[in-house]
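**Student:** Take this structure first; my questions come after.
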Amino acid sequence: MSIRAVKGTRDILPPASAVWNEIEETSRRVFRTFNVHEIRTPIFEETALFARGVGEETDIVSKEMYSFDDRDGTSLTLRPENTASVIRAYIEHRMDQIPGVKKLFYIGPMFRRERPQKGRYRQFSQIGAEVIGSESPTVDAEVIELVDSLLTANGVKGARLLVNSVGDPESRARYIARLQADLEAHLPALSPDSQRRAVTNPLRVLDSKDPQDQPIVEKLPSIHEYLNDACREHFAAVCRYLDDRGIAYEVTPRLVRGLDYYTHTTFEFLHGALGAQNAICGGGRYNGLAESLGSRVPAPGIGFSIGEDRLVMAVEEARGGLAPLALPLFIAPMTEAAFRKGALIARALRAQGIAVEVNAPAKMKRLMELANKANARHTLLIGDEELATGRLGLKNMETGAQAAVDEADLAAIINR
């Protein structure tokens, strides 16, 4: 029996891989415009990092992590998310000693053993950023603007922005006490997962997608009723700054996100191309995370992650599906001598950044079939006559027009 890809993983083949590369290149350009710089962290860390940073009672830590013992007995985990890793690197390398706010982005794979579904895999990729060193709501608004710019630059239209405040620890503690009391009264009517969460992590009940829970969740009190004055002002300022930028949003009091480290602002971008699991991006502020991971210096921060698998799906929908990547030039030699000439032409054009495919010598009919399959815009025909005259046959594959051209003019014609 042949070996297949592990459940929840997949191979990304052409032409889809070209879309992935394009999205990553576009995202890097947008990050540069916001002065955000790349960080690359290991794909595995000590398990304690995620247990302490993400939260032991979260689904990620309790049910979804890929953990294993190293040969020295240390428990290691494939990263299920990257915020904790970035903060660990920030602390370890004493980035707090560098003046100014630190703005860091990452692109790479994450790993969670959850049920595979549309746009959700056990190995998945994220495009994300963390902005560390400021508590200001101006930073929250800029981070949300950054996500909006990333989606727009990649051609994603119609995404809905949901925003909320989960308050500071003092506000949230008062809210959780009320929430637990209300949930206890409805415990038998909740789904099994929510019954467990009502005891271990009651905020996560608000995030339940189970239809059985919805009538109860809708009647639960809003966290906004428990925010203190400082939290209210922080959130009001974020909303003002979004208004200034013309970024539309919906205030969603039950948007809590699934990780323990969030404080103040949380947000999600939703997109209809993704089915029931329609969040394309999520993020929020985490003012106490660095201290929980051992930092002696406060390092308030805010970040986000975009599910790249889901972003690709949204981009493909916006484009009406995938099309093979166009090839600027297919060189079609009919003899060995023509092939040698064609290889030299290809070398010169590639040095100028032009993509070229050189086929082995073959008959004209076969060469044209291959040029069409390669989605070539132009085909360069080289046979004995072309070698003798020095004039090459260049065919426009879209119009069918063919003309004799000089080698020196090829690059200019192809780049038109």
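The values are calculated or read from the model by the stated rules, or taken from the named source; none is laboratory data. Keep in mind that this is a model prediction, so the values were computed, not measured. Note that each Cβ is placed from the backbone with ideal geometry, even for glycine, and that neighbours are counted across all protein chains shown. Protein only, heavy atoms only, side chains kept; ligands, DNA and RNA dropped before computing areas. Shrake-Rupley method; radii C 1.70, N 1.55, O 1.52, S 1.80 Å.
**Student:** Counting just the residues of the range 25-76 that are touching a Ser or Thr at 6+ places or on another chain (Cβ under 6 Å) and part of a loop (DSSP other than H, G, I, E, B), which one comes out nearest to Arg113 (Cα to Cα)?
**Tutor:** Here the answer is Met65.
**Student:** A further question follows. Which pairs do you get when a residue that is closer than 14 Å to Val356 by Cα, found in the range 392-415, comes within reach of a residue that is open to solvent by 60 Å² or more (accessible area, probe 1.4 Å) and in a loop (DSSP other than H, G, I, E, B), reach meaning Cβ atoms under 8 angstrom, with the pair 6+ apart or on two chains?
**Tutor:** Listed by first residue and then by second, the contacts come to Ala411/Gln352.
**Student:** Residues being open to solvent by less than 40 Å² (accessible area, probe 1.4 Å) and more than 26 Å from Trp20 (Cβ to Cβ): count how many of those fall in the range 347-357.
**Tutor:** Of the residues in the range 347-357, 0 are open to solvent by less than 40 Å² (accessible area, probe 1.4 Å) and more than 26 Å from Trp20 (Cβ to Cβ).
**Student:** Please find, among Ala332, Ala318, Ala299, the residue that is assigned to a helix (DSSP H, G or I) and either touching a residue at least 40 places away in the same chain (Cβ under 8 Å) or polar (S, T, N, Q) (or both).
**Tutor:** Only one candidate passes the filter, namely Ala318.
**Student:** Right, another one. Considering every residue within the range 230-238, establish whether at least one is of a type in the set (Asp, Glu) and surrounded by 16 or more Cβ atoms within 10 Å (Cβ to Cβ).
**Tutor:** no
**Student:** Can you find a residue that is open to solvent by less than 50 Å² (accessible area, probe 1.4 Å), on the phi < 0 side of the Ramachandran plot and in contact with a Ser or Thr (Cβ under 6 Å, 6 or more places away or on another chain) anywhere in the range 180-200?
**Tutor:** Yes, the range 180-200 contains at least one residue that is open to solvent by less than 50 Å² (accessible area, probe 1.4 Å), on the phi < 0 side of the Ramachandran plot and in contact with a Ser or Thr (Cβ under 6 Å, 6 or more places away or on another chain).
**Student:** Turning to a different aspect of this structure: Being open to solvent by 10 Å² or more (accessible area, probe 1.4 Å) and either in a loop (DSSP other than H, G, I, E, B) or within 30 Å of Leu76 (Cβ to Cβ) (or both) is the requirement here; does Gly155 meet it?
**Tutor:** Taking the combined requirement at face value, the residue satisfies it.
**Student:** Is it true that Ala141 is without any contact (Cβ under 8 Å) to a residue 24 or more places away in the chain, at negative phi and part of a helix (DSSP H, G or I)?
**Tutor:** Answer is no for this residue.
**Student:** Return yes or no: is Pro324 open to solvent by 60 Å² or more (accessible area, probe 1.4 Å) and within 28 Å of Val86 (Cα to Cα)?
**Tutor:** no
**Student:** Could I ask something else about it? Condition test on Pro109, is it at pLDDT 95 or above and crowded, with 19+ Cβ neighbours inside 10 Å?
**Tutor:** No, not satisfied.
**Student:** Let me confirm something: among Arg178, Arg204, Arg196, which residue is in contact (Cβ under 8 Å) with a residue 60 or more places away in the chain and among the basic types (Lys, Arg)?
**Tutor:** Just a single option satisfies the conditions, and that option is Arg204.
**Student:** Then there is this: Return yes or no: is Ser149 among the polar types (S, T, N, Q), open to solvent by less than 40 Å² (accessible area, probe 1.4 Å), touching a Gly at 6+ places or on another chain (Cβ under 9 Å) and touching a residue at least 40 places away in the same chain (Cβ under 8 Å)?
**Tutor:** No; evaluated as a whole, the condition is false for this residue.
**Student:** Could you identify the single residue in Ile87, Ile91 that is out of contact with any Lys or Arg (no Cβ under 8 Å at 6 or more places or on another chain) and either assigned to a strand (DSSP E or B) or open to solvent by 30 Å² or more (accessible area, probe 1.4 Å) (or both)?
**Tutor:** Testing whether each residue is out of contact with any Lys or Arg (no Cβ under 8 Å at 6 or more places or on another chain) and either assigned to a strand (DSSP E or B) or open to solvent by 30 Å² or more (accessible area, probe 1.4 Å) (or both) leaves just Ile91.
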